[in-house]
Amino acid sequence: METLLSIIFIYIFVENFVLQRFFGICPFLGVSRKMETAVGMSMAVIFVMTLATLVTWLLYSFVLVPFGLTYLQIVTFILVIASLVQLVETVLRKISPTLYQGLGIFLPLITTNCAVLAVTLLAIRQEFSLVESIVFAIAASVGFSLALIIMAGIRERLEMATIPEVLQGSAVTLITAGILSIAFMGFQGMLSL
Amino acid sequence: MLIVYAIVALGLIGLLFGLMLAAAAKVFYVEIDPRVEAVNELVPGANCGACGFAGCMKFSEAVVNGEAEPGDCVPAGEETVAEIARVLGKEVSASGSPIATVFCIGDNFKTADNFIYEGVEDCKVAGEMYGGFKACSYGCLGLGNCVRVCPFDAIDMGSHGLPVVDKIKCTGCGLCAGACPRDLIKMLPSGDEGHLVLCASQDRGKTVSKACEVGCIACKACVKACPEEAIEMNDKLAVIDLEKCTDCGECVKKCPPGTIHPRSAIPTAEEAAARAAEKEKESA
């Protein structure tokens, strides 16, 4: 129990995927312009990351390891994530058109989100058990969402601010991301596994 | 041997997922209106947004659901619009797609420069700097903001320093009109009928003639010459009403600087280049 709680805390705050590990910077910068899209993306990421970790963990433990194919880890995981996203999309479209509309373009976009691949690979490398892996995936994706939503909130306010002309656009966004990252460094060393 | 294992294993896993996806596609098949896809095939697919929808796919859905008219897709052109309408079994309100027209003919040889500009290749930037390097503060700066924004590759920067619109490629999406910081590009109805005063200067005649050989000097000769009363003065610039213009050509004869041209004579890219080359030869 204690391990699970520390996994949750560590991967939301201490080792935040975006702000400390620098995974998934592309969607972090790309879809943080509006709160609405940021929330949509966050939900999609939480969903896909958890599911992907579950499937890859099972595949790794029960197929790759027994057959001595662990060196195929990265390729198969990419395959799994891509097919999984496609599968989820197909199923969602039928079962819940509302959710499908809500997640919209973000679902297929996640296929190329490196944070998803990172979470599945790290779960293996850290030698987490299945339950730990799933908790880890949820925590990591919640951490991603946290960073994304904070960023979206700041950027919505930045729209109103007067920014020096040279810093407008992506420059100020990157500076904001940097400062946010420094702020999260405050959690550094607080807890470790 | 290792490589064979790898290939077989990966192939099997891939096959498994492929079958799963195929099965899912069958089991969870959602009927999409085939007309949406048919319309989506027809539209230009540049996602220019001129229709007001988020991309061509959304537009296709809207058209099929009756929320938009086939003609709302500006770049589609008459034929495509007719075809979309045919898919939907609808009538089309016939109106050709507009064509971008540059309202300035003060090229590098006809308009004087105030200074040499060596800054960023951007009309907006150049225009902000001391009112632009061209002596005429209304004329085209020729740095090609319109060329860069055109998703259809329909505008070229002629060697004479003015953008040339390819009338065939132009789909009338209007992005160039929005990109021109001096508002020199106007979207006109398609066709070659009518004459135009190809100038945008609101300066006094004296100032204009100092800056540009071919600018409108507001002499009103064309207004008096026009038998159809199709020409009016808009402050210090003559404007021809295309609906009234009968292409008689009287105004062309009377215009001292030669600012008025029939629309059919607006040169294509090759013609403009040839003219520029000729000019260069003369001055050499």
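The values are calculated or read from the model by the stated rules, or taken from the named source; none is laboratory data. Since we're looking at a predicted model, the values are computed, not measured. Cβ placement follows ideal geometry from the backbone for every residue including glycine, while neighbour counts extend to all protein chains displayed.
Some notes on this structure:
- Out of B:Ile84, B:Ile116, one residue alone is at pLDDT 80 or above and assigned by TED's automatic domain parsing to the domain that holds B:Asn47. It is B:Ile84.
- A:Met35 vs. criteria at pLDDT below 90, touching a Pro at 6+ places or on another chain (Cβ under 7 Å) and of a type outside the set (Phe, Trp, Tyr): no
- Exactly one residue out of A:Val131, A:Val172, A:Val142, A:Val166 is part of a helix (DSSP H, G or I) and within 16 Å of A:Val14 (Cβ to Cβ), and it is A:Val142.
- B:Ala221 touching a Cys at 6+ places or on another chain (Cβ under 8 Å) and aliphatic (A, V, I, L, M): yes
- Only a single criterion out of (1) free of Cβ contacts under 8 Å to residues at least 24 places away in the same chain; (2) buried (at least 22 other Cβ atoms within 10 Å of the Cβ) is not satisfied by B:Asp153, namely (2).
- Any chance A:Ser129 is buried (at least 22 other Cβ atoms within 10 Å of the Cβ) and either touching a strand residue (DSSP E or B) at 6+ places or on another chain (Cβ under 9 Å) or away from every other protein chain (no Cβ under 14 Å) (or both): no
- Criterion: farther than 25 Å from A:Glu132 by Cα and surrounded by fewer than 17 Cβ atoms within 10 Å (Cβ to Cβ) - qualifying residue of A:Ser6, A:Ser96: A:Ser96
- Taking residues in segment A:17-38 that are farther than 11 Å from A:Asn113 by Cβ and surrounded by fewer than 16 Cβ atoms within 10 Å (Cβ to Cβ), and partners anywhere that are at pLDDT 85 or above and not acidic (Asp, Glu), the pairs with Cβ atoms closer than 8 Å and at least 6 places apart or on different chains are A:Lys34/A:Ala152; A:Met35/A:Ile149; A:Met35/A:Ala152; A:Met35/A:Gly153.
- Listed by position, the helices (runs of 4 or more DSSP H) enclosed by segment B:1-88 that each have at least 3 residues that are away from chain A (no Cβ under 14 Å) and more than 30 Å from A:Ile78 (Cβ to Cβ) are B:34-42, B:56-64, B:77-88.
- Being under 30 Å from B:Cys199 (Cβ atoms), of a type in the set (A, V, I, L, M) and assigned to a helix (DSSP H, G or I) is a property that B:Ala126 has.
- A residue that is more than 13 Å from every other protein chain (Cβ to nearest Cβ) and either of a type outside the set (Gly, Ala, Ser) or outside any helix (DSSP H, G or I) (or both) can be found somewhere in segment A:56-79.
- Residue selection: A:Ala152 satisfies the criterion of being buried (at least 17 other Cβ atoms within 10 Å of the Cβ) and either at pLDDT below 90 or more than 13 Å from A:Ile7 (Cα to Cα) (or both).
- Residue match in segment B:60-75 (condition: touching a strand residue (DSSP E or B) at 6+ places or on another chain (Cβ under 7 Å), touching a residue at least 24 places away in the same chain (Cβ under 8 Å) and under 30 Å from B:Ile260 (Cβ atoms)): no
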